[in-house]
Every structure is written in structure tokens, then in C-alpha cells.
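Presented below is the structure to which this report refers.
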Amino acid sequence: MIPADKIQQMESLCKQRRWTVGLAESCTGGLLSSWITAHAGVSGFFNGGVVSYARLVKAKILNVPKPLMQTHGEVSLAVAKAMAEGAREALGCTWSVSITGVAGPTGGTADKPVGFVCFAAVGPGFEKAVSKQFEARGGRQDIQRQAAIFAFDFLLNAMR
């Protein structure tokens with residue numbers, strides 16, 4: 001869950017600058033969107049989220065080029081960046097963050113083990129993609145939780 005004070009910080013930034021926020025979630029399956037909308041009043045800045053779990057949704061809704069996914073894989077910095085850009089366009093928001101990774105318990109590889117997650121944040125004059133390896137000790141739901149928290153903090157810091 002995202003603490004109320006962090007939601008209020010994001011809300012304040014958005015009100016001051018007339019910004020809106022959107023999300024592109026894959027491995028977190030809408031968890032971050034759910035946490036944000038658990039707080040009253042977020043409709044003033046939160047436009048929504050796209051749960052782009054399938055490659056088809058990444059391509060059709062977020063306009064992630066299929067060759068990009070084939071070359072880099074769906075869990076990659078390049079695809080995370082394209083997802084964030086696509087969410088910004090599809091949701092008509094000022095800022096967006098994307099999350100794509102391997103939540104497990106299967107699906108990991110030597111290059112992208114279980115717990116490997118890529119993120120991207122895009123906004124006015126800002127574009128950054130990062131990857132993080134989360135501990136898989138707590139299982140799939142723990143990786144999803146850690147990724148959602150990281151994505152929110154990553155976006156909030158970018159907006160500052």
C-alpha cells in the first residue's frame with residue numbers, strides 16, 4: 001500500500017503544476033493502480049492505468065513496437081520506456097510510469113531471473129528507465145508489492 005502522505009505529495013505536485021498521472025503495469029497486474037485508487041480524491045490527478053500483461057496489449061493499446069519486444073524481450077528497459085510513452089499517449093496524462101518484469105515463480109532466465117523488473121518514467125522534459133532485482137524470498141506477491149512501491153517512489157521522485 002502507498003502511504004497517504006506520499007499520495008498527498010503527488011496530488012499536491014499535480015495540482016500546483018496541472019499535471020496528471022497514468023500507469024502501464026505488466027507484472028504487477030494493476031496492483032499500483034489499485035493502491036492509488038484506494039485513496040479518496042485521486043481522480044483530480046490520476047487518469048488511470050493499463051494492465052498490459054499480454055504482448056498483444058502492449059502492442060495494440062500502448063503501441064509498443066512488436067520488433068522492439070522481439071529484439072529486447074518484454075522485460076527490458078527499451079520496452080519499459082515504450083510502455084510509459086504509450087501510456088502517456090493512451091491515457092492523455094502528463095506523467096506516466098511503467099512496470100514490466102519477472103514476478104515468478106517461473107519464467108526467469110540467467111539474464112532476467114525471477115525478481116528482475118524494469119521501470120520507466122516519462123514526463124515533461126523527463127525520460128528515464130531503470131531496472132532492479134528484487135529478492136524472490138517472499139514469492140510472486142512480494143515481488144509485485146516491491147515493484148509497485150518502487151514504481152510509485154520512482155515516479156514521485158521524477159516529478160519533483
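The values are calculated or read from the model by the stated rules, or taken from the named source; none is laboratory data. Because the structure is a prediction, the values reported are computed rather than measured. Note that each Cβ is placed from the backbone with ideal geometry, even for glycine, and that neighbours are counted across all protein chains shown.
Just one of Ala148, Ala158 is buried (at least 16 other Cβ atoms within 10 Å of the Cβ), modelled with pLDDT of 95 or more, closer than 16 Å to Leu32 by Cα and of a type in the set (A, V, I, L, M, F, W, C); which is it? Give the derivation first.
On the way: Ala158 fails: closer than 16 Å to Leu32 by Cα.
Ala148 is the lone residue from the list that is buried (at least 16 other Cβ atoms within 10 Å of the Cβ), modelled with pLDDT of 95 or more, closer than 16 Å to Leu32 by Cα and of a type in the set (A, V, I, L, M, F, W, C).
Basic (Lys, Arg) and in contact with a Cys (Cβ under 9 Å, 6 or more places away or on another chain): is that true of Lys81 in this structure?
yes
Filtering segment 45-62 to residues that are of a type in the set (D, E, K, R) and crowded, with 18+ Cβ neighbours inside 10 Å leaves only Lys58. Among the residues of segment 7-44, those identified as surrounded by fewer than 15 Cβ atoms within 10 Å (Cβ to Cβ) and charged (D, E, K, R) are Lys15, Arg17, Arg18.
Mind listing just one residue for me: the one in segment 1-26 that is assigned to a loop (DSSP other than H, G, I, E, B) and in contact with a Phe, Trp or Tyr (Cβ under 8 Å, 6 or more places away or on another chain) and, of those, nearest to Leu77 (Cα to Cα)?
Ranking the candidates gives Ser26 first.
Of all residues being touching a residue at least 12 places away in the same chain (Cβ under 8 Å) and out of contact with any strand residue (DSSP E or B) (no Cβ under 9 Å at 6 or more places or on another chain) in segment 43-63, which is nearest to Ser12 (Cα to Cα)? Just the residue, please. Spell out how you get there, then give the answer.
From segment 43-63, those touching a residue at least 12 places away in the same chain (Cβ under 8 Å) are 44-53, 55, 58, 61-63; that's our starting set.
Cutting the leftovers down to out of contact with any strand residue (DSSP E or B) (no Cβ under 9 Å at 6 or more places or on another chain) gives us 44, 55, 63.
Details: Gly44: 10, Arg55: 35, Asn63: 30 Å.
Top of the filtered list is Gly44.
Out of Val97, Val122, Val114, Val102, one residue alone is out of contact with any strand residue (DSSP E or B) (no Cβ under 8 Å at 6 or more places or on another chain), modelled with pLDDT of 95 or more and crowded, with 19+ Cβ neighbours inside 10 Å. It is Val114.
The set of residues in segment 135-160 being free of Cβ contacts under 8 Å to residues at least 24 places away in the same chain and in a loop (DSSP other than H, G, I, E, B) consists of Glu135, Arg137, Gly138.
Please tell me if Glu85 is in contact with a strand residue (DSSP E or B) (Cβ under 7 Å, 6 or more places away or on another chain) and surrounded by fewer than 20 Cβ atoms within 10 Å (Cβ to Cβ). So Glu85 fits the description; yes.
Among the residues of segment 27-41, those identified as outside any helix (DSSP H, G or I) and among the small types (Gly, Ala, Ser) are Gly29, Gly30, Ala38, Ala40, Gly41.
Look through Gln70, Gln146, Gln133 and report the one residue that is closer than 21 Å to Gln9 by Cβ and polar (S, T, N, Q).
Gln146
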